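Trainee: Before I ask anything, here is the structure I am working with.
The values are calculated or read from the model by the stated rules, or taken from the named source; none is laboratory data. This structure is a prediction, so every number in the text was calculated from the model and none was measured. Methodologically, a virtual Cβ is constructed for each residue, glycine included, from the backbone with ideal geometry; neighbour enumeration extends over all protein chains shown. Note: accessible area is taken over every heavy atom of the protein model, side chains too, but ligands, DNA and RNA are not part of it. Shrake-Rupley method; radii C 1.70, N 1.55, O 1.52, S 1.80 Å.
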Amino acid sequence: MPAQETNAEAIGLRALAWTLGDSARASRLLALTGLDPAGLRARAGEPALLAATLGFLESYEPDLIACAEAIEEKPATLVAARQELERA
């Protein structure tokens, strides 16, 4: 039976998709994580990568706010999701 996706994982995946939608932002994320596109695809569902993505957005508040608006969540919800994913 597959593991059930948590809300934090769903938020992380939506934030990751939003982040990768902009080539400059995606390049910064890849540089920060040390992953290449193939590695990113392979690890996209891992809580650690999703937490890192949300942390990346948190480090630049305009991106955090823009992402939250785009995925229809509050910035604090993204921060809480990162915290939950870091405990996973």
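Trainee: Mind listing just one residue for me: the one in region 41-60 that is assigned to a helix (DSSP H, G or I) and free of Cβ contacts under 8 Å to residues at least 12 places away in the same chain and, of those, most open to solvent (accessible area, probe 1.4 Å)?
Mentor: Filtering region 41-60 for residues assigned to a helix (DSSP H, G or I) gives 41-43, 47-58.
With the extra rule that they be free of Cβ contacts under 8 Å to residues at least 12 places away in the same chain, the set shrinks to 41-43.
Details: Arg41: 174, Ala42: 84, Arg43: 87 Å².
Checked region 41-60; the qualifying residue most open to solvent (accessible area, probe 1.4 Å) is Arg41.
Trainee: Open to solvent by 60 Å² or more (accessible area, probe 1.4 Å) and either in a helix (DSSP H, G or I) or on the phi > 0 side of the Ramachandran plot (or both): does that describe Glu9? Don't jump to the end; show me each part of the working.
Mentor: Working: open to solvent by 60 Å² or more (accessible area, probe 1.4 Å): no; either in a helix (DSSP H, G or I) or on the phi > 0 side of the Ramachandran plot (or both): yes.
It is false that Glu9 is open to solvent by 60 Å² or more (accessible area, probe 1.4 Å) and either in a helix (DSSP H, G or I) or on the phi > 0 side of the Ramachandran plot (or both).
Trainee: Right, here's the next one. When you look at Thr77, is it out of contact with any helix residue (DSSP H, G or I) (no Cβ under 6 Å at 6 or more places or on another chain) and part of a helix (DSSP H, G or I), yes or no? It would help to see each step written out before you state the result.
Mentor: Numbers: out of contact with any helix residue (DSSP H, G or I) (no Cβ under 6 Å at 6 or more places or on another chain): yes; part of a helix (DSSP H, G or I): yes.
Yes; evaluated as a whole, the condition is true for this residue.
Trainee: Right, next: Go through region 61-73 and count every residue that is assigned to a helix (DSSP H, G or I) and open to solvent by 20 Å² or more (accessible area, probe 1.4 Å). Before you say what the answer is, go through the steps one by one.
Mentor: Of the residues in region 61-73, the ones assigned to a helix (DSSP H, G or I) are 61-70.
Next, from what is left, pick out any that are open to solvent by 20 Å² or more (accessible area, probe 1.4 Å): 61-62, 65-66, 69-70.
So the answer is 6.
Trainee: To continue, here is another question. State all residues of region 14-37 that are assigned to a helix (DSSP H, G or I) and open to solvent by 60 Å² or more (accessible area, probe 1.4 Å); if no residue qualifies, say none. Before the answer, list the steps.
Mentor: Applying the first criterion (assigned to a helix (DSSP H, G or I)) to region 14-37 yields 14-20, 23-33, 37.
Correct list: Arg14, Ala17, Leu20, Ser23, Ser27, Arg28, Ala31, Leu32, Pro37.
Trainee: Let me ask you something else. Is it the case that Ala76 is at pLDDT 95 or above, surrounded by 16 or more Cβ atoms within 10 Å (Cβ to Cβ) and not β-branched (Val, Ile, Thr)? Show your work before the answer.
Mentor: On the way: at pLDDT 95 or above: yes; surrounded by 16 or more Cβ atoms within 10 Å (Cβ to Cβ): no; not β-branched (Val, Ile, Thr): yes.
When the stated conditions are applied, Ala76 does not pass them.
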